[in-house]
Amino acid sequence: METEISKSRFKAHALEIFRHIEKTGTPVVITDNGTPTLTVTKYRREKPDALARLKGSVLRFDDPLAPVDTSWEANT
């Protein structure tokens with residue numbers, strides 16, 4: 001299959017083109033009067049890395065195992 005397709009051909013064969021992209025993973029460029037206007041690619045969900053998301057999020061790290069020295073007041 002071609003990597004560049006005109007809008008009119010894409011309109012007539014959209015499902016066939018989508019199936020081809022899903023199967024092969026190769027992107028297809030949609031053209032308008034010979035000018036590239038859109039790219040259709042296969043969606044790839046990247047699994048988020050929990051440690052990478054948390055990197056740099058700790059603002060302060062004194063002593064997490066030390067006892068808490070605050071006086072608690074009960075709301076009555």
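The values are calculated or read from the model by the stated rules, or taken from the named source; none is laboratory data. Quick caveat, the model's predicted, so the values are computed rather than measured. Virtual Cβ from ideal backbone geometry, glycine too; neighbours counted across all protein chains shown.
Details
- Residue in the range 40-54 that is at pLDDT 85 or above, out of contact with any strand residue (DSSP E or B) (no Cβ under 6 Å at 6 or more places or on another chain) and of a type in the set (Asp, Glu) present: no
- Among the candidates Glu16, Glu73, Glu2, Glu22, the residue that is in a loop (DSSP other than H, G, I, E, B) and either in contact with a helix residue (DSSP H, G or I) (Cβ under 6 Å, 6 or more places away or on another chain) or without any contact (Cβ under 8 Å) to a residue 24 or more places away in the chain (or both) is uniquely Glu73.
- Residues in the range 36-70 that are aromatic (Phe, Trp, Tyr) and either in contact (Cβ under 8 Å) with a residue 24 or more places away in the chain or closer than 30 Å to His20 by Cβ (or both): Tyr43 alone.
- Test: Arg9 is surrounded by 10 or more Cβ atoms within 10 Å (Cβ to Cβ), out of contact with any strand residue (DSSP E or B) (no Cβ under 6 Å at 6 or more places or on another chain), free of Cβ contacts under 8 Å to residues at least 12 places away in the same chain and not polar (S, T, N, Q): yes
- Of the residues making up the range 33-56, those that are in a loop (DSSP other than H, G, I, E, B) and either hydroxyl-bearing (Ser, Thr, Tyr) or surrounded by 10 or more Cβ atoms within 10 Å (Cβ to Cβ) (or both) number 3.
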